[in-house]
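Student: Pasting a structure here, questions to come.
The values are calculated or read from the model by the stated rules, or taken from the named source; none is laboratory data. Keep in mind that what you see is a predicted model, and the values were worked out from it rather than measured. FYI the Cβ positions are ideal-geometry reconstructions off the backbone, even for glycines, and counts take in every protein chain you see.
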Amino acid sequence: MNSQPLSTDKSPPISPREGTCRCGGVRMKVTCEPVTTFACHCRGCQRMTASAFSLSALIPIDGLEIVTGAPVRGGAHTDGINHYHCPRCMSWLFTKIDMLPQFVNLRATMFDEPDWSRPRVETMTCEKLDWVTTPAQHSFEQFPSPEEVQSLLQLG
């Protein structure tokens with residue numbers, strides 16, 4: 001596995017950053033650096049984003065502040081994975097994963113300046129559209145195992 005750090009001296013720190021859903025009903029603020037960034041190629045993410053993959057940033061749960069609005073649970077309602085959306089425009093804002101209760105997985109492109117959303121890790125490449133490429137340094141055919149997730153978190 002490649003152990004390059006998430007940030008380099010050439011990359012400005014991202015926090016604090018703010019973002020909003022499409023209608024502006026939910027405003028969020030991130031007050032810490034992401035642990036890592038992801039591109040997920042699973043069919044669920046493709047369908048929820050109407051795109052080839054979803055982009056997200058894994059943030060310690062204490063680093064996310066909901067400034068205005070009240071996100072609601074939506075999406076696939078899968079056991080262990082809780083997607084949150086704006087109740088008005090239904091923009092997908094973030095995901096809480098039971099296996100990682102100390103983190104929240106934010107949709108990076110919801111932020112006013114999404115330039116920090118370059119994916120470091122890509123998952124579910126077995127469902128990737130054949131014409132898609134990303135600059136991810138780590139690639140997984142499926143979702144990473146708990147051991148692989150721990151290893152990725154230690155690299156951050």
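Student: Which is surrounded by 23 or more Cβ atoms within 10 Å (Cβ to Cβ) and more than 15 Å from Glu33 (Cβ to Cβ), of Leu100, Leu106, Leu93? Explain how you work it out, then say what you get.
Tutor: Values: Leu100 fails: surrounded by 23 or more Cβ atoms within 10 Å (Cβ to Cβ); Leu106 fails: more than 15 Å from Glu33 (Cβ to Cβ).
Answer to the check: Leu93.
Residues checked against (1) at pLDDT below 90; (2) touching a Phe, Trp or Tyr at 6+ places or on another chain (Cβ under 8 Å); (3) acidic (Asp, Glu):
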| site | (1), (2), (3) |
| --- | --- |
| Ser3 | yes, no, no |
| Gly24 | no, no, no |
| Ile66 | no, no, no |
| Val72 | no, yes, no |
| Asp79 | yes, no, yes |
| Phe103 | no, no, no |
| Asp115 | yes, no, yes |
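Student: Given (1) touching a Pro at 6+ places or on another chain (Cβ under 6 Å); (2) at pLDDT below 90, where does Thr109 come up short, assuming only one miss?
Tutor: (1)
Student: Quick check on this structure: which one of Val67, Val72, Val104, Val121 is within 25 Å of Arg22 (Cβ to Cβ), aliphatic (A, V, I, L, M) and under 16 Å from the mean Cα position of the chain (by Cα)?
Tutor: Val104
Student: Condition test on Ser56, is it part of a loop (DSSP other than H, G, I, E, B) and of a type in the set (S, T, N, Q)?
Tutor: Working: part of a loop (DSSP other than H, G, I, E, B): no; of a type in the set (S, T, N, Q): yes.
So Ser56 fails the test.
Student: Which of the numbered conditions does Gly75 fail, given that it passes all the others? Conditions: (1) surrounded by fewer than 20 Cβ atoms within 10 Å (Cβ to Cβ); (2) assigned to a loop (DSSP other than H, G, I, E, B).
Tutor: It fails just one condition, (2).
Student: Shifting gears a bit: Here are some conditions: (1) more than 13 Å from the chain's Cα centre (by Cα); (2) buried (at least 19 other Cβ atoms within 10 Å of the Cβ). Ile59 meets all but one. Which one does it not meet?
Tutor: Among (1) more than 13 Å from the chain's Cα centre (by Cα); (2) buried (at least 19 other Cβ atoms within 10 Å of the Cβ), the lone unmet condition for Ile59 is (1).
Student: Taking the stretch 42-55 as the region of interest, how many residues are touching a residue at least 60 places away in the same chain (Cβ under 8 Å) and buried (at least 23 other Cβ atoms within 10 Å of the Cβ)?
Tutor: Qualifying residue count, the stretch 42-55: 2.
Student: Of the residues in the stretch 100-138, how many are more than 22 Å from Val67 (Cβ to Cβ), among the acidic types (Asp, Glu) and free of Cβ contacts under 8 Å to residues at least 12 places away in the same chain?
Tutor: Within the stretch 100-138, the first condition is being more than 22 Å from Val67 (Cβ to Cβ), and the residues that meet it are 100-101, 118-138.
Then drop every residue that is not among the acidic types (Asp, Glu), which leaves 122, 127, 130.
Retained after the next criterion (residues that are free of Cβ contacts under 8 Å to residues at least 12 places away in the same chain): 130.
So the count comes out to 1.
Student: For Asp115, only one of the following conditions fails: (1) touching a Lys or Arg at 6+ places or on another chain (Cβ under 9 Å); (2) acidic (Asp, Glu); (3) within 21 Å of Arg17 (Cα to Cα). What is its number?
Tutor: (1)
Student: Now, a different point. Looking at the stretch 118-152, which of its residues are surrounded by fewer than 12 Cβ atoms within 10 Å (Cβ to Cβ) and among the aromatic types (Phe, Trp, Tyr)?
Tutor: Hit for the stretch 118-152 is Trp131, nothing else.
Student: If you don't mind, another one. When you look at Thr49, is it among the hydroxyl-bearing types (Ser, Thr, Tyr), modelled with pLDDT under 90 and closer than 26 Å to Met124 by Cβ, yes or no?
Tutor: yes
Student: While we're here: Mind listing just one residue for me: the one in the stretch 15-71 that is among the charged types (D, E, K, R) and touching a strand residue (DSSP E or B) at 6+ places or on another chain (Cβ under 8 Å) and, of those, nearest to Val104 (Cα to Cα)?
Tutor: Per the stated criteria, the residue is Glu65.
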